[in-house]
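Here the structure is laid out as structure tokens; the discussion comes afterwards.
Just so it is clear, none of the values below were taken in a lab; they were calculated from the coordinates. Just so we're clear, the structure is a prediction, and the values are computed from it rather than from any experiment. Quick reminder, even Gly has a Cβ in these numbers, built from the backbone with ideal geometry, and neighbours come from all protein chains shown.
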Amino acid sequence: MRALNLVYPVMLFLAIESIPSLHSICTDKTSVIDDRIIGEWVDSTDYNKSAYSKRWNFERYDSMEYRYKNSEEYSIKVNNHLLDTSLINKLGYELYKSEKGNFYTLNYSSINGIFSAAPFSKNNDKMIVNLTMINGQLYADFYPWTYNGSSPYKGIESYKDQLNRNFKVRHKSPNTIYGHTFSKVILKNKSLIIKPINYDYIKRLINEKRIRIKHEKVKGRIIITATTEELRAFLHKYGDKDELFLDGQQLRLNQ
């Protein structure tokens, strides 16, 4: 048995316990694009657009190259989540090319009511989101954003302050394992429903030996270790069972 010490709970933004997996449910070949997910989403019951509402902001990943006087020698390669356009403009750089990726990023934020002034009350999470189709149903694969901290601005010291404000995964120990979590996604009529895998249901099926899916147990917590192909086969077989998913979060597009 492999020693798995810590698993980062990557579904904190849904305030639930979702089952973590070492592997994704999709590859580059099985990822799909559905730009209907792009935008800022809020709880469907928050009709007053409260300042304290939880917000899910999905963006398509976009990589760009800026050049100074069209020179390859003086180029800046950056993605849309690290872009400081004011600094680029001051330096006289212009966009040379742009290329959209086949995945999305999620910025989740919330403020805890009357304690919004407290530094610990604001929650932020940033995640990489891949979409995929399995048996005609849309799924999302969530994985923590793990930006490595190197500046694309080639030694511009003032950029470090911006990096410090960037969303990062907190490395609790060198043995921390960052896992994937999965949800069924329903998009229709400017409504987004995210239905995570039901951890308790999977746990019960495994304990009762009603399903066979590769896993490990770390301090009583189940970690799925099945391959991507095995995960897709499992969802293809059981994805129509309502019990496999939580009711989840119903969101509306914030306009």
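How much length would be gained if the chain were fully extended between N79 and T30, taking 0.36 nm per residue of separation minus their Cα-Cα distance, in nm to one decimal?
Numbers: separation 49, 0.36 × 49 = 17.64 nm, distance 2.29 nm.
Computed gain between N79 and T30 is 15.3 nm.
In nm, to one decimal, how far is the modelled label at H236 from the one at R60, with both set 7 Å along Cα→Cβ?
2.9 nm
How much length is gained if the chain between E229 and E94 is pulled fully straight, taking 0.36 nm per residue apart and subtracting their Cα-Cα distance, in nm to one decimal? Working shown, then result.
Values: separation 135, 0.36 × 135 = 48.60 nm, distance 4.29 nm.
In short, 44.3 nm is gained.
A 18 angstrom limit on the alpha carbon distance is what I want to check against. Which of K184/K237; K188/K237; K203/K241 exceed it?
K188/K237
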